[in-house]
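Some notes on the structure that comes next.
The values are calculated or read from the model by the stated rules, or taken from the named source; none is laboratory data. Fair warning: this is a prediction, and the values are worked out from it, not measured in the lab. A quick note on method: Cβ atoms are made from the backbone with ideal geometry, for glycine too, and the neighbour counts reach across all protein chains shown.
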Amino acid sequence: MPLPRTAAAIAAGVALLTALAGCGSGAAGPEGVEGETRTVTGANGEVEVPADPQRVVVLWRPTLAAATRLGADVAGTAGDPGGDGGLAPFLPPDADGADLEIVSTSSAEDEIDLEKVGAAGPDLIIGVDTENGAQAGMLPELEAIAPTVLLEWTGTESWRGHLAEVGEVLNRQDEAEQAEQEYADAVAEARTRIEEAEGDPAGIEVSLLRLQSAQEVRIETPASFSGGIADDIGLARPEAHAEADADRDFISESYENLERADADVLFVMSGSGYPEAPDTFTGGVWSELGAVRDERVYAVDYDVWGASNHYAALRVVDEMAAALTGETDPAL
């Protein structure tokens with residue numbers, strides 16, 4: 001069964017980034033690139049890059065996940081506030097990222113430490129072009145260090161197309177196709193597990209609720225990372241969860257309106273941004289939800305379920321299936 005939201009989005013992104021014909025023969029490129037080169041097209045236009053980059057610095061954590069999954073040698077990466085830079089959900093399960101130069105520990109995409117980028121000694125820098133264009137404004141400084149390619153990032157649903165585009169930049173298209181197949185296989189396996197335990201996934205209505213703070217909850221829509229994965233598996237969503245708030249991938253609600261998050265099964269997400277969040281849901285307003293009364297409410301880690309990358313996607317797929325097949329205890 002073909003996966004929804006796949007071929008068209010990825011093909012469009014890869015088409016934008018298809019490497020142009022012709023390689024250098026050893027002369028330095030326009031930015032001082034030595035050795036064999038390729039020309040790729042990113043959001044910032046045509047860029048001459050090493051044909052086989054050896055030290056890549058990435059300025060977006062989902063790019064770290066894509067690059068490491070494709071087997072690239074990453075020398076430096078953007079992080080996030082916290083002792084470990086928030087890298088764990090963006091790395092393979094057996095990696096700790098200790099050897100990576102953290103070039104930013106800010107959630108602001110343009111707060112990059114250029115000295116640390118230079119100290120990492122990159123021969124290629126990969127950043128992102130988002131709606132606010134913050135990294136595009138840094139291009140002159142970044143290009144003075146190494147050839148820099150910016151890839152369009154439109155939101156949390158961009159992760160699959162982003163992986164394919166990183167594959168084009170790194171000349172690792174085969175590895176990108178293998179990663180896409182790995183995800184497709186995981187989704188198919190999850191769907192089979194659910195069908196064997198519960199029947200057609202389309203008959204199971206799930207809600208994805210993020211605990212943002214003590215005052216706010218957010219319902220993840222199909223436009224979100226976890227919402228897209230639920231769609232790929234074929235799970236049903238409440239009709240009221242289909243449309244996100246303007247320019248968002250979620251619906252903001254107060255706890256007083258928690259009943260709007262109810263469904264057959266409820267996944268409740270919280271993460272490092274809200275460490276005081278509860279991890280069990282029985283009393284107060286929670287007791288009014290059908291999913292809680294039916295003991296089908298599950299606590300999950302938003303640091304993973306909101307990470308928008310290949311490694312996190314595989315984990316979300318498995319955790320969704322485990323909950324829906326009774327392999328995971330409810331959060332009661």
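When both residues are 6+ apart or on different chains and their Cβ atoms are under 7 Å apart, which pairs have a first residue that lies in the range 203-216 and is over 15 Å from residue 257 (Cβ atoms) and touching a residue at least 12 places away in the same chain (Cβ under 8 Å), and a second that is surrounded by 19 or more Cβ atoms within 10 Å (Cβ to Cβ) and among the basic types (Lys, Arg)?
So the pair list comes out as 205/237; 206/237.
Name the residue, out of 179, 136, 164, 184, that is out of contact with any strand residue (DSSP E or B) (no Cβ under 6 Å at 6 or more places or on another chain), of a type outside the set (Asp, Glu) and farther than 21 Å from residue 52 by Cβ.
Matching residue, one of 179, 136, 164, 184: 184.
State whether one or more residues within the range 217-236 are part of a loop (DSSP other than H, G, I, E, B), in contact with an Asp or Glu (Cβ under 7 Å, 6 or more places away or on another chain) and of a type in the set (Val, Ile, Thr).
Yes, the conditions are met somewhere in the range 217-236.
From the residues in the range 320-330 that are surrounded by 21 or more Cβ atoms within 10 Å (Cβ to Cβ) and out of contact with any helix residue (DSSP H, G or I) (no Cβ under 6 Å at 6 or more places or on another chain), which one is nearest to residue 177 (Cα to Cα)?
Going through the qualifying residues, I end up with 320.
Answer yes or no as to whether residue 71 is assigned to a loop (DSSP other than H, G, I, E, B) and over 25 Å from residue 36 (Cβ atoms).
no
Against the condition of a type outside the set (A, V, I, L, M, F, W, C), farther than 29 Å from residue 36 by Cα, surrounded by fewer than 23 Cβ atoms within 10 Å (Cβ to Cβ) and in contact with a helix residue (DSSP H, G or I) (Cβ under 7 Å, 6 or more places away or on another chain), how does residue 130 come out, does it pass?
no
Consider only pairs whose beta carbons are under 6 Å apart and that are at least six residues apart or on different chains; among these, list those whose first residue lies in the range 105-129 and is free of Cβ contacts under 8 Å to residues at least 60 places away in the same chain and whose second residue is outside any helix (DSSP H, G or I) and surrounded by fewer than 16 Cβ atoms within 10 Å (Cβ to Cβ).
105/81
In the list 111, 115, 152, which residue meets the criterion of being over 18 Å from residue 311 (Cβ atoms), modelled with pLDDT of 95 or more and surrounded by fewer than 16 Cβ atoms within 10 Å (Cβ to Cβ)?
Checking each option against the conditions leaves just 115.
Every residue, every condition in (1) more than 22 Å from residue 163 (Cα to Cα); (2) in contact with a Lys or Arg (Cβ under 9 Å, 6 or more places away or on another chain), yes or no:
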{"site": "94", "(1), (2)": "no, no"}
{"site": "97", "(1), (2)": "no, no"}
{"site": "107", "(1), (2)": "no, no"}
{"site": "114", "(1), (2)": "yes, no"}
{"site": "118", "(1), (2)": "yes, no"}
{"site": "121", "(1), (2)": "yes, yes"}
{"site": "135", "(1), (2)": "no, no"}
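Looking for something without any contact (Cβ under 8 Å) to a residue 24 or more places away in the chain and surrounded by 14 or more Cβ atoms within 10 Å (Cβ to Cβ) - is there at least one such residue anywhere in the range 50-70?
no
Of the residues 164, 186, 146, 179, which is outside the structural domain of residue 67 (by TED's automatic domain parsing), surrounded by 20 or more Cβ atoms within 10 Å (Cβ to Cβ), touching a residue at least 12 places away in the same chain (Cβ under 8 Å) and under 18 Å from residue 67 (Cβ atoms)?
Sole residue among the options that is outside the structural domain of residue 67 (by TED's automatic domain parsing), surrounded by 20 or more Cβ atoms within 10 Å (Cβ to Cβ), touching a residue at least 12 places away in the same chain (Cβ under 8 Å) and under 18 Å from residue 67 (Cβ atoms): 179.
Under the condition of being buried (at least 21 other Cβ atoms within 10 Å of the Cβ) and small (Gly, Ala, Ser), which residue from the range 248-269 is farthest from residue 235 (Cα to Cα)?
261
Check every one of the strands (runs of 3 or more DSSP E) wholly within the range 242-319 and list those with 3 or more residues that are among the hydroxyl-bearing types (Ser, Thr, Tyr).
Where strands (runs of 3 or more DSSP E) fall fully within the range 242-319, none carries at least 3 residues being among the hydroxyl-bearing types (Ser, Thr, Tyr).
Looking at (1) among the small types (Gly, Ala, Ser); (2) surrounded by fewer than 13 Cβ atoms within 10 Å (Cβ to Cβ); (3) under 23 Å from residue 62 (Cα atoms), which one does residue 226 not meet, given that it meets all the others?
Every condition holds for residue 226 apart from (2).
Exactly one of these conditions fails for residue 84: (1) at pLDDT 90 or above; (2) closer than 25 Å to residue 316 by Cβ; (3) not aliphatic (A, V, I, L, M). Give me its number.
(1)
When residue 325 is evaluated against the numbered criteria (1) of a type in the set (Ser, Thr, Tyr); (2) within 25 Å of residue 93 (Cβ to Cβ); (3) at pLDDT below 95, which criterion, by number, is the only one it fails?
Among (1) of a type in the set (Ser, Thr, Tyr); (2) within 25 Å of residue 93 (Cβ to Cβ); (3) at pLDDT below 95, residue 325 violates only (3).
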